[in-house]
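Data block below; observations after.
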Amino acid sequence: MTTSGEPETGIDRRDFLTVLGTAAAGLGAAGPAFAQAAAPANGTAPVQPQGKNTVNLERLPNGVLLIGIDRAEAQNRIDIPTFNALGQAYYEFEHDNDLRVAVLHGKGPDFSQGLDLQSWGAGLRAGPFQPPPKFIDPVGTAGPERSKPIVVAVQGRVTRVAHEIFLAADVRVAAQDSVFNQGEATAASFPGGGATIRFVREAGWGNAMRYMLTGQDWRADEAYRMGLVQEVTAPGKQLDRAVEFARLIAAAAPLGVRALFASARRALSEGEKLALATLQPELGRLLRSEDRQEYIRSLGESRAPVYVGR
């Protein structure tokens, strides 16, 4: 048993060292993040219907993509196939020029109760995690970065690695019934999917340490107070609100959205000095774009601009 009373997963120190040893090759470095989730309350392994797709994609008008985690029978726990499918959905979104913004959500009462430990335990015993082709890491700890925004809508339990997937999104909406947890430290582990960076950065040191060190839950209103959530809705309304945000983003000029996104990320990853130095060259490029000329024409013609991303 672990110190939190969770059953052992069979992921021992050798498994972690094997995964860490593949870090230079890419997503193998994500392996330590996968010993995080609480075990099912009844102690039984989640059951997945044969042949079921656990990540569903739905294209909405105007370049909006819905990405839905669909393992409600297993509390939307993230097993290896689901993690792979999420990463492939992110890749498809990134490389499809017709798509401008994605909305991530979980079907059923919970966004996700974290990892499927049985799946990851067996997978890591068999060897280091190997991502499939055409994959972007859903927790954003290694590999290529997205250049397009993701809005996330959550409800119910948002536990450990699920909270890190949530933190890796760009605009976040939570139903009033959402309950968050980042309590890996109580299970002799730690958040390996980015929370030690993103939670601290966005909520502040004291707020993040309070919840990560104690393992306590917090609710939607507290997440809003800490700045982790941009809007709290009535239960059942979170996805509609997230789609509203996505449609507003999709209506903006895609070149401007990508440039804004890249500049903000550059400031975080490479520092303000470099980010500031690239502002004027990027602005000049945008002012010469077809979309900027379309914007000027639309003002003179009293109509909404039609952007094409050039």
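The values are calculated or read from the model by the stated rules, or taken from the named source; none is laboratory data. Computed from a predicted model, the values in this text were never measured in an experiment. Here Cβ is always computed from backbone atoms with ideal geometry, including for glycine, and neighbour counts include all displayed protein chains. Remember, those area values only see protein heavy atoms, side chains included, never the ligands or the DNA or RNA. Shrake-Rupley method; radii C 1.70, N 1.55, O 1.52, S 1.80 Å.
Within the stretch 210-221, how many residues turn out to be open to solvent by 40 Å² or more (accessible area, probe 1.4 Å) and either in a helix (DSSP H, G or I) or among the acidic types (D, E) (or both)? Spell out the reasoning first.
So the first thing to find is which residues in the stretch 210-221 are open to solvent by 40 Å² or more (accessible area, probe 1.4 Å), and the list is 210, 213-214, 216-217, 219, 221.
Imposing the further condition that a residue be either in a helix (DSSP H, G or I) or among the acidic types (D, E) (or both) reduces the set to 210, 213-214, 217, 221.
The number of residues fulfilling the criteria is 5.
Check F166, F190 and return the single one that is among the aromatic types (F, W, Y) and open to solvent by less than 30 Å² (accessible area, probe 1.4 Å).
Working: F190 fails: open to solvent by less than 30 Å² (accessible area, probe 1.4 Å).
Criteria check complete, one pass: F166.
Looking only at the stretch 128-144, which residues are out of contact with any Asp or Glu (no Cβ under 9 Å at 6 or more places or on another chain), in contact (Cβ under 8 Å) with a residue 60 or more places away in the chain and surrounded by fewer than 21 Cβ atoms within 10 Å (Cβ to Cβ)?
Within the stretch 128-144, Q130, A142 qualify.
Does the stretch 267-276 include one or more residues that are in contact with a Lys or Arg (Cβ under 6 Å, 6 or more places away or on another chain) and among the small types (G, A, S)?
Yes, there is a match, as at least one residue in the stretch 267-276 is in contact with a Lys or Arg (Cβ under 6 Å, 6 or more places away or on another chain) and among the small types (G, A, S).
Report, by residue number, each residue of the stretch 232-252 that is in a helix (DSSP H, G or I), open to solvent by 50 Å² or more (accessible area, probe 1.4 Å) and among the aliphatic types (A, V, I, L, M).
L248, A251, listed by residue number.
Name the residues in the stretch 99-133 that are at pLDDT 95 or above and under 27 Å from G309 (Cα atoms), would you?
L99, R100, V101, A102, V103, L104, H105
Checking G123 against (1) under 15 Å from the mean Cα position of the chain (by Cα); (2) crowded, with 20+ Cβ neighbours inside 10 Å: exactly one of these is not met. Which one?
The single condition G123 does not satisfy is (1).
Restricted to the stretch 277-301, and to residues that are under 27 Å from F93 (Cβ atoms) and of a type in the set (K, R), which residue is surrounded by the most Cβ atoms within 10 Å (Cβ to Cβ)?
R292
Of the numbered conditions (1) surrounded by fewer than 24 Cβ atoms within 10 Å (Cβ to Cβ); (2) without any contact (Cβ under 8 Å) to a residue 60 or more places away in the chain; (3) closer than 30 Å to I249 by Cα; (4) touching a Leu at 6+ places or on another chain (Cβ under 7 Å), Q176 satisfies every one except a single condition; which is it?
Just one mismatch for Q176, condition (4).
Report those helices (runs of 4 or more DSSP H) wholly inside the stretch 94-206 carrying at least 2 residues which are over 20 Å from A242 (Cβ atoms) and among the aliphatic types (A, V, I, L, M).
117-126, 195-203
Residues in the stretch 71-93 that are in contact (Cβ under 8 Å) with a residue 40 or more places away in the chain, in a helix (DSSP H, G or I) and among the acidic types (D, E): how many?
Here the count works out to 1.
Here are the criteria: (1) in contact with a Ser or Thr (Cβ under 8 Å, 6 or more places away or on another chain); (2) of a type outside the set (S, T, N, Q); (3) in a helix (DSSP H, G or I); (4) exposed (fewer than 12 other Cβ atoms within 10 Å of the Cβ). Tell me which single one L274 does not satisfy.
Here L274 clears every test but (1).
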